[in-house]
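Report on one structure; see the data block that follows.
The values are calculated or read from the model by the stated rules, or taken from the named source; none is laboratory data. These figures come from a predicted structure and were not determined experimentally. Here Cβ is always computed from backbone atoms with ideal geometry, including for glycine, and neighbour counts include all displayed protein chains. Heavy atoms of the whole protein, side chains included, go into the accessibility calculation; ligands, DNA and RNA do not. Shrake-Rupley method; radii C 1.70, N 1.55, O 1.52, S 1.80 Å.
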Amino acid sequence: MSDANVRIPEEAKDRLAAVAAAEGLSLRAYLARLAETLLTPAERAERAEKAKAALKEWNGYAPTTAEEQDLDSELDRRLAQVSAR
């Protein structure tokens, strides 16, 4: 296993270290576990395609690109609304 140096603000490091400690992990172990759980953009796109295919097979739902964009915009609007609270 190789080591890597990552430069982040001290506050971010302290926050990550506190989260790791609360879970009984070292910062190194926590970051390694976090890296294993995150998806790359390609992996997210692949999962989205699989989900769309499953929905189409299950109930015939197959939104157009325009419908997907409208749904994404609505989701963004709702998330912004909740975040502003």
Exercise for the section: Please give the number of the condition Leu39 fails out of (1) open to solvent by less than 100 Å² (accessible area, probe 1.4 Å); (2) part of a helix (DSSP H, G or I); (3) under 30 Å from Asp3 (Cα atoms); (4) of a type outside the set (S, T, N, Q). Expected result: (2)
Practice task
Assess whether Ala21 counts as being out of contact with any strand residue (DSSP E or B) (no Cβ under 6 Å at 6 or more places or on another chain) and either loosely packed, with under 11 Cβ neighbours inside 10 Å or aromatic (Phe, Trp, Tyr) (or both).
Solution key: no
Exercise for the section: Inspect all residues belonging to the range 46-66 and state whether any of them is within 16 Å of the chain's Cα centre (by Cα), at pLDDT below 95, surrounded by 11 or more Cβ atoms within 10 Å (Cβ to Cβ) and not hydroxyl-bearing (Ser, Thr, Tyr). Expected result: yes
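Can you tell me how many residues in the range 3-22 are part of a loop (DSSP other than H, G, I, E, B) and either of a type in the set (Gly, Ala, Ser) or closer than 16 Å to Leu34 by Cβ (or both)?
3
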